[in-house]
Amino acid sequence: MDLEETLDRLVPSRPSRKIFAKVFDESTIKAVDYLANKGIIDKVEFVISTGKEAHVFRAVDNSGNFRAVKIYKKETSEFHSMTKYLEGDRRFKDVRNTKRDIVFAWTRKEHANLEKAREAGVRAPLPTGFRENVLVMEFIGTEGLAAPTLKEARGVDYQATYTTLIEFMARLLYLGELIHADLSEYNVLMEPNGPVVIDIGQGVLTTHPHAKEFFERDCHNVARYFSAKGIETDFEQVQAGIKEWKPRLK
């Protein structure tokens with residue numbers, strides 16, 4: 001089967017196929033095809049979001065369940081910054097310093113970090129498979145509509161959301177031994193029953209040499225956003241709130 005036939009089967013929507021074919025190379029299309037042959041997805045439907053590093057598509061699996069397919073660009077201009085989060089992570093100490101290998105490692109890292117987050121009791125997308133630069137996850141949304149980010153959402157109970165995120169940060173830290181390292185209003189989706197933490201590819205273990213720096217940055221981001229929404233908090237109170245969870249999680 002040639003590449004066009006593969007695209008016709010995987011991405012039946014013409015507008016999405018144009019985007020897909022324009023952005024991604026033959027090996028990426030083959031990686032998606034591999035996941036389809038494994039039954040992890042069936043068809044890719046349309047773009048949910050685009051970014052410098054990756055595009056996210058809505059897909060369906062063989063049972064008709066919605067899935068999110070995140071495809072990292074191999075030629076991303078951000079790959080140099082990725083190395084800061086990979087170097088010092090014992091899980092990825094043997095990664096070669098090429099764009100291709102860094103992006104592939106980043107995909108594996110996000111899959112592993114999502115698993116760690118969920119094991120720690122954090123609401124994050126369930127990862128269902130990956131191949132090279134392609135990651136398949138649980139679709140976060142209602143009736144096929146992607147959930148909005150915390151930044152975009154309306155009618156948010158900010159106090160309840162803040163309290164939940166403090167718990168999530170504590171669970172990541174004390175149970176997952178993981179720092180999100182880019183937690184902000186842009187990397188949290190809002191479901192009707194509360195927040196979902198996403199985009200955790202840059203997350204580092206607590207043994208990482210920059211773990212303290214990244215953790216403090218997350219605390220500053222949370223304090224900045226929620227204080228602007230009227231919640232009485234600051235950097236020290238965020239840290240204190242996280243520490244209060246430590247004895248409760250043992």
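Looking for something open to solvent by less than 60 Å² (accessible area, probe 1.4 Å) and among the aromatic types (Phe, Trp, Tyr) - is there at least one such residue anywhere in region 125-137?
Scanning region 125-137 turns up no residue that is open to solvent by less than 60 Å² (accessible area, probe 1.4 Å) and among the aromatic types (Phe, Trp, Tyr).
Using beta carbons and a limit of 9 Å, which pairs, at least six apart or on different chains, have the first residue in region 85-108 and over 11 Å from Gln202 (Cα atoms) and aromatic (Phe, Trp, Tyr) and the second one part of a helix (DSSP H, G or I) and open to solvent by less than 40 Å² (accessible area, probe 1.4 Å)?
Phe92/Leu86; Phe92/Ala105; Phe92/Trp106; Phe92/Lys109
Out of (1) in contact with a helix residue (DSSP H, G or I) (Cβ under 6 Å, 6 or more places away or on another chain); (2) open to solvent by 20 Å² or more (accessible area, probe 1.4 Å); (3) more than 12 Å from Tyr72 (Cβ to Cβ), what's the single condition that is false for Asn97?
Here Asn97 meets the rest and fails (1).
Please count how many residues of region 1-38 are open to solvent by 30 Å² or more (accessible area, probe 1.4 Å) and in a loop (DSSP other than H, G, I, E, B).
Qualifying residue count, region 1-38: 6.
Restricting attention to region 59-88, which residues are within 18 Å of the chain's Cα centre (by Cα) and either surrounded by fewer than 20 Cβ atoms within 10 Å (Cβ to Cβ) or of a type in the set (Ser, Thr, Tyr) (or both)?
Phe66, Tyr72, Lys74, Thr76, Glu78, Ser81, Thr83, Lys84, Tyr85 - these are the residues of region 59-88 that are within 18 Å of the chain's Cα centre (by Cα) and either surrounded by fewer than 20 Cβ atoms within 10 Å (Cβ to Cβ) or of a type in the set (Ser, Thr, Tyr) (or both).
From (1) touching a residue at least 12 places away in the same chain (Cβ under 8 Å); (2) surrounded by 15 or more Cβ atoms within 10 Å (Cβ to Cβ), pick out the condition that doesn't hold for Leu249.
(2)
Tell me which residues, restricted to region 40-50, are open to solvent by less than 30 Å² (accessible area, probe 1.4 Å) and part of a loop (DSSP other than H, G, I, E, B).
Listed by number, the list holds a single entry, Ile41.
The values are calculated or read from the model by the stated rules, or taken from the named source; none is laboratory data. Keep in mind that what you see is a predicted model, and the values were worked out from it rather than measured. Note that each Cβ is placed from the backbone with ideal geometry, even for glycine, and that neighbours are counted across all protein chains shown. SASA here: full protein model, heavy atoms, side chains in, ligands and nucleic acids out. Shrake-Rupley method; radii C 1.70, N 1.55, O 1.52, S 1.80 Å.
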